[in-house]
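Asker: Got a structure for you, written out below as structure tokens; questions coming shortly.
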Amino acid sequence: MTVYYKVLDANGKSCNGGSLQWSLPRGKRPGKWMPKIQGNLVPCKNGYHVCTADQLLDWLNVRIFEVEVRGEIVKSDDKFVVRAARLIRETGWSERTARLLACD
């Protein structure tokens, strides 16, 4: 099973080419499913953009969430585009782990 991630800014908004406010997880409860995308899924134009662990370095920002996806998935060069998504949990990514990664 593929694990997908969504990178957001400090306020829970998309930060790499958009400003969508995501429904954030609360405690152990996942965020709400985002509205289903209509029409053709097109990278950088239409769909929710997520990535896998090996793609994360290209998208790093303040917050990283594990995300659940369903429905159609389109693979792009450096991301995946999906029709439906919700945030499951926030990862342990922090300013400290970002600095440690930079040192490595």
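Asker: Students often get this wrong, so try it: which of (i) 22, 16, 12; (ii) 29, 15, 13; (iii) 34, 17, 10 is semi-axes √(5λ) of the Cα gyration tensor in Å as calculated from the structure shown?
Answerer: Recomputing semi-axes √(5λ) of the Cα gyration tensor in Å here picks out (i).
Asker: Right, another one. At 1.4 Å probe size, with the rest of the protein present, what percent of the exposed accessible area of the chain is carbon and sulfur atoms?
Answerer: Within the chain, the accessible surface is 50 percent carbon and sulfur.
Asker: If you count only protein heavy atoms and use a 1.4 Å probe, how large is the accessible surface of I73, to the nearest 10 Å²?
Answerer: 70 Å²
Asker: Using a 1.4 Å probe and ignoring any ligands, DNA or RNA, find the accessible area of S14 and quote it in Å² to the nearest 10.
Answerer: 20 Å²
Asker: Of V50, L60, A98, which is farthest along the charge dipole of the chain in the positive direction, counting Lys and Arg as +1 and Asp and Glu as -1 at C-beta?
Answerer: V50
Asker: Another one. Which aspartates and glutamates, on any chain, are close to K28 with Cα under 20 Å apart, when same-chain ones fewer than 8 places away are left out?
Answerer: Hits, sequence-local ones excluded: E66, E68, E90.
Asker: Quick check: net charge around P43, other residues with Cβ under 12 Å of its Cβ, Lys/Arg +1 and Asp/Glu -1?
Answerer: Its environment carries a net charge of +1.
Asker: Now for a different question. To make sure I understand the rule: partners must be lysines, Cα under 20 Å from the Cα of K75, and not fewer than 8 residues away in the same chain. Which ones qualify?
Answerer: The qualifying lysines are K6, K36, K45.
The values are calculated or read from the model by the stated rules, or taken from the named source; none is laboratory data. This structure is a prediction, so every number in the text was calculated from the model and none was measured. Don't worry about glycine lacking a Cβ; one is built from the backbone with ideal geometry, like all the others, and counts go over all protein chains shown. Note: areas computed on protein heavy atoms with side chains; ligands, DNA, RNA excluded. Shrake-Rupley method; radii C 1.70, N 1.55, O 1.52, S 1.80 Å.
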